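Take a look at the structure below.
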Ligand SMILES: [Zn+2]
């Protein structure tokens, strides 16, 4: 067993991380090919033959600035009113939504959102997300995606969109 607690690595724009061996200090790039939804710990074997754990963190994944029209609904309120907003940046973990004259949104509200990526396929993204930040002055709502069942193809579309 390794005596090292796992070092945390943030996945880069290119989907790679640079791992540093805690034994010999060799730095080696590692491509994260597989689409992982969650942060996780894995064991890496260095060329010096030592094995050590690393933690891969996706939360800091590349945020892309965009301007995409979206429709959203506040699931935490009784109204089923669909409103229009603009997605201003997006990452695998969440997005920022610009809203217009909507002061009803509060922290921890759950929003449902639907929009199409401006990629070739115009992939449709439907998400449920939690409000984690509100900038009332600029009308920007920061949201974190909630885990959804059967979101596989959306995650994949988003992943390639952000690459
Ligand atoms: Zn090593």
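The values are calculated or read from the model by the stated rules, or taken from the named source; none is laboratory data. Predicted model only: the values in this text are computed from it and were never measured. In this analysis, Cβ positions are derived from the backbone assuming ideal geometry, glycine residues included, and neighbour counts consider all displayed protein chains.
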Legend entry - Matching residues in the range 73-115 - criterion: being out of contact with any strand residue (DSSP E or B) (no Cβ under 9 Å at 6 or more places or on another chain) and closer than 19 Å to residue 146 by Cα: 77
Inset, instruction - Would you point out which residue out of 57, 106, 81 is out of contact with any helix residue (DSSP H, G or I) (no Cβ under 9 Å at 6 or more places or on another chain) and under 30 Å from residue 30 (Cβ atoms)? - result: 57
Legend entry - Test: residue 115 is loosely packed, with under 11 Cβ neighbours inside 10 Å, away from the ligand (no atom under 16 Å from the Cβ) and modelled with pLDDT of 95 or more: no
Inset, instruction - Kindly provide the set of residues from the range 3-23 that are at pLDDT 80 or above and loosely packed, with under 12 Cβ neighbours inside 10 Å, ordered by number. - result: 5, 18
Inset, instruction - Filter the range 137-152 for residues that are surrounded by fewer than 17 Cβ atoms within 10 Å (Cβ to Cβ) and either at positive phi or modelled with pLDDT of 80 or more (or both) and give the result. - result: 137, 138, 144, 146, 150
Inset, instruction - May I ask you to say which residue of 27, 68, 54 is under 28 Å from residue 114 (Cα atoms), at pLDDT 80 or above and either within 16 Å of the ligand (Cβ to nearest atom) or assigned by TED's automatic domain parsing to the domain that holds residue 119 (or both)? - result: 68
Legend entry - Selection from the range 119-136 of residues that are assigned to a loop (DSSP other than H, G, I, E, B) and surrounded by 13 or more Cβ atoms within 10 Å (Cβ to Cβ): 123
Legend entry - Condition met for residue 70 (under 17 Å from the mean Cα position of the chain (by Cα), buried (at least 17 other Cβ atoms within 10 Å of the Cβ) and in a strand (DSSP E or B)): no
